[in-house]
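Asks: Have a look at this one.
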Amino acid sequence: MPGTCVYEFHVIYHLIVPDLKSDLLLLAVNTLLKDLKDSNPTVRALALRTLCTVDHEAFFEHRLPCLLEGLKDSSAYVRRASSAAVLSISRIDVESLKEAGIVNKLYELIRDQDPIVVVNCVMSLEEILHAEGGIVLNKKIVAYLVQKVETFTTWGSVYMLKLLMKYQPKTEEETLDIMNVLDPFLENNCASLTVLSLEYFLQLIQTMPQLENEVVARCQNVFLNVLSSGNAEVEWCLMQFLHGNSHTNSFKNIFVEHFKSVICRQKDPVYLKIEKIKFVVTLVDKDNFTEILDELLMNSTSKDVDVSLCSIQMLKRLTLDWPDLSDVLLKAFIKLLKSDRSHVVSNTLQVLVSLPADVLTTLTHLGRQVCSLSRTLTDTRGQVAALYLAGCLQRIRPTGDHTNENIDDNAVDHTDDHADTHRKNHKDDHTGDYRHGHTDDLTEETVSVLEDYIERFRSLEPAVHTQLLHTSVQLFTARPATYQHLLGEVLHLCVQTQVPGEPTDTNVDPDQGGMAGTCGVVDTGDLAQQAAFYYSIMFDNTKSMKQIFM
């Protein structure tokens, strides 16, 4: 019989929709109205669904009366169909539903014995009353729904827990009553229910923070089971919840002894590895510091660029969070700079530039190594970072005579004039005194790097052009006699170049320190204007250049 009914209503539906003939419509309506009184609840439910599905005015006048009858039906199956049909009609004609008194009927059916009917009614009320803030939850309704949650399907329980978060108990006693009933859900086999229950509990105990650790600890076994399940999507969702939650300290307490469960597995997809790396850093203490550091170093050399960059960024975070162990972490950066994988070196340089100035001052011994690496890099971000660091480490290192160089108007006036002369005479001579300043090995290396980039200027990306200009100006500001001729060449190239610019590297970490502004969209028009602007400042404000550029 049920199979015959499905076939019958399928034929009727597809018969009347294409033709829309009045005699067929009248016959269809009468047939459906007759079947709504059939003794078989399946027939009644199918007739009601068909009546509410067909979008034709001949059916409209019969919908609401039939829905009201369906909501009163003795069969739970029919009431389910009716409450679901209300949801469909609410998206078309909400006002008619309100005028017909269906809202009050749905409120009554919240106490229905069938859990699916309850969920359907609540969903329909949320939809119908959306403009008014949704269903009105009071103490009695919430108490009933809380007691009923365990009878719902998994999907229904998830929906109801989300709905219950709209309600905040008025007293501590009411709060504890709700928590006692829902407590088993903190250890539910369904991770979604556990997470939602935990979110609800954390919301309930805002005025009782002393319960936070105890509540979170109840979820420990579920979380550990998820992390060992091998289901990457569910693990990722859990990591997102744990890492993005404001109750990080409580999560740390339950995971710190089980931090190995958060360690990346080889088969984990990239997106999951990144989330695990971000979370495991929050679990660091003096006992597990070495093991987690080894894990970060291993992932820092990963063949995947994003995993490598994320791991190195977490090393930077440890450097800032654990200043007592900064020496160990800085040695890790030095080790990564010696990697044979170019993207690892590039990522390390990008992270180093975002370190605070007081940390960079401890890395001045890396100056020559950075200069050497800058010649081998091929990616734009790496080149920008290398140029920034080469200039920064040269400027901040302890020096003798270099700090006594002064900027005078004559040096600025002739900056551009020296460019042509230097291109002819200075390329192969790195042993001189660079016009007026004393030199050392690092200065020679830095000058050589700038000359190398100047030679390749037209083949470089616009972002590298901008950083080269910025570095040259800063070095000239610090040691004008040494870098005057190089700045003249760079200014000349920036103003005269006709290479069309294209957008490059717009997704840059906002923590990228001094080079952050140089990795955006840059074109040659902007570059020429920037070069002219820098020159005008140097020409008009010679005495205040260090305050502006350093």
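Asks: To make sure I understand the rule: partners must be lysines, Cα under 30 Å from the Cα of Lys286, and not fewer than 8 residues away in the same chain. Which ones qualify?
Replies: Once the sequence-local lysines are set aside, what remains near Lys286 is Lys252, Lys260, Lys267, Lys273, Lys276, Lys278, Lys303, Lys316, Lys331, Lys335, Lys338.
Asks: Give the ranking of Arg91, Arg111 by solvent-accessible surface, highest area first, calculated with a 1.4 Å probe.
Replies: Descending order: Arg91, Arg111.
Asks: Simple spin-label model, 7 Å along Cα-to-Cβ: Asp285 to Ala357 in nm?
Replies: Simple spin-label model gives 3.8 nm for this pair.
Asks: At 7 Å along the Cα-to-beta-carbon direction for both Gln206 and Leu68, put a label point, then send me their distance in nm to one decimal.
Replies: Going by the 7 Å Cα→Cβ label model, 4.1 nm.
Asks: Please list, or write none, the lysines whose alpha carbon is within less than 22 Å of the alpha carbon of Lys170, excluding same-chain residues fewer than 8 places away.
Replies: Counting by Cα, and skipping residues close in sequence, Lys170 has these lysines nearby: Lys139, Lys140, Lys148, Lys162.
Asks: Right, next: Quick one: Cα centre-to-centre distance for the range 147-173 and the range 299-322, in angstrom?
Replies: One Cα centre to the other: 41 Å.
Asks: Need the full-extension length gain, His247 to His130, defined as separation in residues times 0.36 nm minus the C-alpha distance. One decimal, nm. Walk me through the numbers on the way to the answer.
Replies: Working: separation 117, 0.36 × 117 = 42.12 nm, distance 3.10 nm.
Gain on stretching His247 to His130: 39.0 nm.
Asks: Please give the length that would be gained between Leu137 and Leu325 if that part of the chain were fully extended, namely 0.36 nm times their separation in residues minus their C-alpha to C-alpha distance (nm, one decimal).
Replies: Length gained, Leu137 through Leu325: 62.4 nm.
Asks: With every protein chain present, what accessible area does Thr207 have (1.4 Å probe, heavy atoms only), rounded to the nearest 10 Å²?
Replies: Per-residue accessible area (Thr207): approximately 120 Å².
Asks: Any idea of the accessible area per residue across the range 158-311, 1.4 Å probe, to the nearest Å²? Could you put the intermediate results ahead of the total?
Replies: Details: 7310 Å² over 154 residues.
So the range 158-311 comes to 47 Å² accessible per residue, rounded to a whole number.
Asks: Report the dimensions of the range 68-194 along its three principal axes from the alpha-carbon atoms, largest first, rounded to Å.
Replies: Extents along the principal axes, in whole Å: 41, 29, 23.
Asks: Near Lys72, which lysines are there with a Cα under 19 Å away, not counting those fewer than 8 places off in the same chain?
Replies: Lys34, Lys37, Lys98, Lys105
Asks: Starting from the Cα of Asp540, step 7 Å along the direction of its Cβ; do the same at Glu150; then give the gap between the two resulting points in nm.
Replies: With each label placed 7 Å out from Cα toward Cβ, I get 7.8 nm.
Asks: Separate question: Taking θ as phi - 60°, what are the ³J(HN,Hα) couplings along the range 323-337 by the Karplus curve (6.51, -1.76, 1.60), each to the nearest whole Hz, with x for Gly and Pro?
Replies: Values per residue, Gly and Pro as x: x, 5, 10, 4, 4, 5, 5, 5, 5, 5, 4, 4, 5, 5, 5 Hz.
Asks: Report ³J(HN,Hα) in whole Hz for each residue of the range 105-121, in order, from the Karplus equation J = 6.51 cos²θ - 1.76 cosθ + 1.60 where θ = phi - 60°; Gly and Pro get x.
Replies: Karplus-based 3J(HN,Hα) across the range 105-121 equals 5, 5, 4, 5, 6, 4, 8, 4, 6, 8, x, 5, 4, 4, 4, 4, 5 Hz.
Asks: Same structure, new question: Residues with beta-carbon under 13 Å from that of Arg456, excluding Arg456: net charge, scoring Lys, Arg +1 and Asp, Glu -1?
Replies: -3
Asks: Please work out how much accessible surface Thr380 shows to a 1.4 Å probe, ignoring ligands, DNA and RNA, in Å² rounded to 10.
Replies: Spelled out: Thr380, probe radius 1.4 Å, area about 20 Å².
The values are calculated or read from the model by the stated rules, or taken from the named source; none is laboratory data. Because the structure is a prediction, the values reported are computed rather than measured. Backbone-built Cβ (ideal geometry, glycine too); neighbour counts: all protein chains shown. Please note that ligands, DNA and RNA were not included when accessible areas were found on the heavy atoms of the full protein model with its side chains. Shrake-Rupley method; radii C 1.70, N 1.55, O 1.52, S 1.80 Å.
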